[in-house]
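Values in this text are rule-based calculations from the coordinates and carry no lab data. These numbers come from a predicted model, not from an experiment. Note that each Cβ is placed from the backbone with ideal geometry, even for glycine, and that neighbours are counted across all protein chains shown.
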Amino acid sequence: MAGSLDQRLENLRAGFDTVRPNARTIAALRDNPGCASRRVLDAAGIDKAKLAERLGHEGQEGQSRFALQRGDRFEKDVKANAFAVAIDLLRRDGFDLDAVRLLLLRDLYPIDGTGDQDVMLAKRAEETRTAILDMARAKPDSYNLVDGGALEWDFGGAIARLETDGIAWRFKDQIRVVEIKSFPLVDGRADAGKVGATAWQGAVYIAAIQDLLEANGMSTDLVSTELILMLPRNTALVPTMLKVDVLRHVRTLRRLLAGQDSIDELVAKLPAGLDLDLDGLDEEQAKDRIAAVLKAIGTSYAPSCLESCALARYCRARAREAHDPRHLGVEVRGALAGVPTTERAARLAEGSARPRTEEKDTAKLLAGVHRVLVQEGLV
Amino acid sequence: MQWATVGQEYVVFPDCRSMQNTDVCARSVSYGRPMTDQPRQRRDPPIRERLLAGLEVLGAASEVRTVAEAAEACTGLYVNNRQVASLRRSERTSWDARPSARPAYLAPALHHRGFEPIRGYLTSSEWDLPRRVVGPLSLRVDYLRATTNVSRRLAWARKQSPETANAFERLAWRLARSVPGGVRNGSVDPAAAIRAAQAELDLIEEEDQAQREEAAAKLEQLDRREQVFGVDPQSRKAA
């Protein structure tokens, strides 16, 4: 196939709606590293929610409106008056912040539909890059707080710009990533699942900053892997801090990415001429075309996809149709090792099919379970 | 003293910059505060004027929401900060129709290098340019100045005009809570807030002023419209 990777991703997109990837998108990688479609679609910036809609499987990607409103209010409060609350909180915790130099990219280059979003994002990326490198070089009077930065992220050959939620902050000798979240810290403890999800997002930013430093011949140690979370304490919206070391997350993320086919290889699997150009197609034809693209690149459904991918409902329906044990979760998939479908598993359990060599262990187990169920009169 | 006139007969806002005028401000508070169930008065000042009055109280480039709160404290009339987005556009339109026709326009703070508007931070077009440009330290400096100004006003009002003090407590609290000792047992301690803010200002004010003046000299070279509303970030490469 001719042309650069970016060009080929553009061809695949063929004018379909776009959405900017964010750290949440990338952090979703660890939920299901095996899904090639998601990586390609994210690299091409394709709006998966819109695809799901065309496929008749409207998902619920993203957070609830109420969660967003609460989060928004808390974040605004912490950032109010040039981050006054955040600065106070950090100083109380002993962070050294004599002269606060703020670069508020969100205010300077708003991405709100009033201007060309790509231009704004490009400007943010350029300013973020300069600011982070100046911070790392400890240049006097460089900014020490960057809000609304845009970092570059290598999707495996395809470079995307990420609009970050986090704030990069330089204290003394290290750059820190700060995330403002609205789930509460109650008696010093926060919801482990939410802290985990935030840790993965923070890990994406930290990894992106490490890449930037490395590409400029600087030590990656200049960015701390300890993420600072600003959360509401108990039930009120009074902010407090929690520090989470995400070194492990950064490593896992890098390992996952390194172990995968490059986007280049995945896109190459597409037959020539197959793209998401849905112009002039009726509903059914459009569905078929999208399904053909997903099938050609490959999907890999797991229940955890439901939390992070708009196409999950579609993939689940396909997995059910195909009797793919994956739709029952990782544990069931593991327990049915060697058995390709749930239908086949049922026949092995009843003894109506002869197990192949690779199915023998599982078949024995299934037959045992079936015997118990029969004895108990459940089947 | 400057006066903004609304409608034909009612003078609403004095120039609130000096403490002596707070009594006049207090009058406008009692005028505007909905003490009865009467519907909004026809003579209520428009939002832009309320915000300009709020800005004069703060005395430095400030965040939209803070300006809206200051406007409410000063006039007793609620300002929904969502209305500010459309107001921004109408200020520009009004300028384009008749440049400089109004004594003051609500204008964004401007970035010190490219003079792009800093969307969330407001100033008044009648302020001199160094006050309207924002360098790396400026937003912090301006927050500390606003905290000082509002705390000073609160301290005065607590002694002289309980009604005005009530109107300013919330605004003062939101500003002073983030400086050491600014809020004690849930209540603003104006003297402590001023002391803490001034101590930090002493460290950074001079450097900030030099950067602002340097930038303002460059801004002076641009045309008047750009001096007021800034340079469109999309019209030039990032500075």
A:V223 long-range amide H proximity, modeled H, under 5 Å: A:I175
Tilt relative to chain A, helix A:192-215 - C-alpha long axis, 0 to 90 degrees, to 10: 60 degrees
Peptides A:98-111, B:47-60 ordered by average Cβ neighbours within 10 Å, highest first: B:47-60, A:98-111
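Would you work out the relative contact order for region A:65-258, in percent, from Cα pairs under 8 angstrom that are 6 or more residues apart?
18 percent
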Under Karplus coefficients 6.51, -1.76 and 1.60, residue-wise ³J(HN,Hα) of region B:108-122 in Hz, glycine/proline x: x, 5, 10, 5, 5, 9, x, 6, 6, x, 9, 3, x, 10, 9
B:C74, A:C309 arranged by Cβ crowding within 10 Å, fewest neighbours leading: A:C309, B:C74
Cut-off under 5 Å, modelled amide H: who pairs with A:T18 long-range: A:D47
Cut-off under 5 Å, modelled amide H: who pairs with B:L222 long-range: none
For the protein assembly as shown, alpha-carbon Rg over 2.2 N^0.38 Å: 1.16
Average beta-carbon neighbours from other chains, 10 Å sphere, peptide B:100-108: 0
Between 0 and 90°, nearest 10: helix A:283-297 axis offset from chain A longest Cα axis: 80 degrees
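Determine the sum of side-chain charges near A:L328: Lys and Arg each +1, Asp and Glu each -1, restricted to other residues whose C-beta is under 11 angstrom from that of A:L328.
+2
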Cα gyration tensor, region A:53-165 - rounded (a/c under 1.5), prolate or oblate: oblate
Whole-Hz couplings from phi, Karplus 6.51/-1.76/1.60, listed for region B:53-69; x for Gly and Pro: 5, x, 4, 5, 5, 6, x, 7, 3, 9, 5, 3, 5, 5, 5, 4, 5
Hz values of 3J(HN,Hα) by residue in region A:92-98 - Karplus curve (6.51, -1.76, 1.60), Gly and Pro given as x: 4, 7, x, 6, 8, 9, 6
Residues A:T362, A:T128, sorted so that the one with the fewest Cβ neighbours within 10 Å comes first: A:T362, A:T128
Choice from A:L365, A:L247, A:L55 with maximal GNM fluctuation in chain A (Cα, 10 Å cutoff): A:L365
Those residues of region A:156-198 whose amide nitrogen sits under 19 Å from the label point placed on A:A258, 7 Å along Cα→Cβ: A:156-158
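Report Rg(Cα)/(2.2 N^0.38 Å) for region B:44-174, keeping two decimals.
Rounded to two decimals, the normalised Rg is 1.05.
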Average beta carbon contacts from partner chains per residue of A:86-96, 10 Å cutoff: 1
Selection from A:I132, A:L336, A:G377 lying farthest towards where the dipole of the protein assembly as shown points positive, charges on Cβ: A:G377
Burial ordering of A:S224, B:S178, fewest other beta-carbon atoms within 10 Å first: A:S224, B:S178
Charge dipole (debye, nearest 20) of region A:206-359; +1 at Cβ of Lys and Arg, -1 at Cβ of Asp and Glu: 720 debye
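Please compute, for peptide B:112-120, the average count of beta-carbon atoms on other protein chains lying within 10 Å of each residue's beta-carbon.
Averaged over the peptide's residues, the number is 4.
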Ordering of A:352-361, A:262-271 by burial proxy (mean other Cβ atoms within 10 Å per residue, highest first): A:262-271, A:352-361
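How big is Rg to Rh over region A:336-375, alpha-carbon atoms, Rh as the Kirkwood inverse-mean-distance radius?
0.93
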Theoretical ellipticity at 222 nm over the protein assembly as shown - DSSP helices of four or more residues, -39500 (n - 2.57) apiece, nearest 500: -16000 deg cm²/dmol
Rel. contact order, % - alpha carbon contacts under 8 angstrom, at least six apart, chain A: 20 percent
